[in-house]
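So the structure is just underneath, and the comments pick up after that.
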Amino acid sequence: MPLPGEEMKKINLDTWIQLVGLLSVLAGLVFVGLEMRLSRNIALASQIQARSNQGLSHMDTYIEAGIDWLGVSYPETYDATLTQYEIIKRNEEVGRWLVLEADYAQYTQGLMTEDFWEAKSGGSINSILRCEARDVYEVRILRAPAGLQELIEEQTRPSCN
């Protein structure tokens, strides 16, 4: 016959073991949920990166052929007076936008550090705000993600004549 209190200690020990087991299962489920969320973020960023890469490959075709992508895609921007050099520059600016948008997606999904984002985005944003890139800016800003639009609009734009 157990002494008084011994049975109580055994029940308490069993309860503690069950509680630790339950907490372990719960922690495992939280971990799996976090892993699924990270996998989703990586998949989204990869998808955006793949579209960006496809756009850049497409842009290379236009650059090699000397065709103005912006003028073809948005006829209201077509300018027959552009030199070959100016066409290449416009195409490069569109490519810069594609890269910036993909970088922004990676950054917002937590796949790029703050320092790296600042280093990459600063030069790109300054470049797309240049007066020479104004026509590309006016088309692409409307198609950029809202958060990126806000970041770009916060920058001081040069006054272009």
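Regarding Leu26, is this residue at pLDDT 85 or above, open to solvent by 70 Å² or more (accessible area, probe 1.4 Å) and not in a loop (DSSP other than H, G, I, E, B)?
Here the answer is yes, as Leu26 does meet what is asked.
Quickly run through region 118-132 and pick out the residues that are surrounded by 14 or more Cβ atoms within 10 Å (Cβ to Cβ) and without any contact (Cβ under 8 Å) to a residue 24 or more places away in the chain. Break it down into steps so the answer makes sense when it comes.
Initially, region 118-132 is screened for residues surrounded by 14 or more Cβ atoms within 10 Å (Cβ to Cβ), giving 120-121, 124-125, 127-130.
If the condition is that a residue be surrounded by 14 or more Cβ atoms within 10 Å (Cβ to Cβ) and without any contact (Cβ under 8 Å) to a residue 24 or more places away in the chain, then Lys120 is the only one that fits.
Residue-by-condition table, conditions (1) within 30 Å of Arg37 (Cα to Cα); (2) out of contact with any helix residue (DSSP H, G or I) (no Cβ under 7 Å at 6 or more places or on another chain); (3) open to solvent by 50 Å² or more (accessible area, probe 1.4 Å):
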| position | (1), (2), (3) |
| --- | --- |
| Val72 | no, yes, yes |
| Thr83 | no, yes, yes |
| Glu101 | yes, no, no |
| Tyr104 | yes, no, no |
| Met112 | yes, no, no |
| Phe116 | yes, yes, yes |
| Arg134 | no, yes, no |
| Val139 | no, no, no |
| Ala144 | yes, no, no |
*Go through region 38-70 and give me each residue that's touching a helix residue (DSSP H, G or I) at 6+ places or on another chain (Cβ under 9 Å) and of a type in the set (Lys, Arg).*
Arg51
*Only one residue in Leu100, Leu142, Leu82 is more than 22 Å from Ser46 (Cα to Cα) and part of a helix (DSSP H, G or I). Which one?*
Leu142
_I need the full set of residues from region 85-97 which are more than 16 Å from Gly66 (Cα to Cα) and either open to solvent by 30 Å² or more (accessible area, probe 1.4 Å) or not in a helix (DSSP H, G or I) (or both), in order please._
Arg96
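The values are calculated or read from the model by the stated rules, or taken from the named source; none is laboratory data. None of the values given here were measured: they were computed from a predicted structure. Neighbour counts are summed over all protein chains in view; Cβ atoms, including those assigned to glycine, are modelled from backbone coordinates with ideal geometry. What goes into the accessible areas is simple: the full protein's heavy atoms, side chains included, and nothing from ligands, DNA or RNA. Shrake-Rupley method; radii C 1.70, N 1.55, O 1.52, S 1.80 Å.
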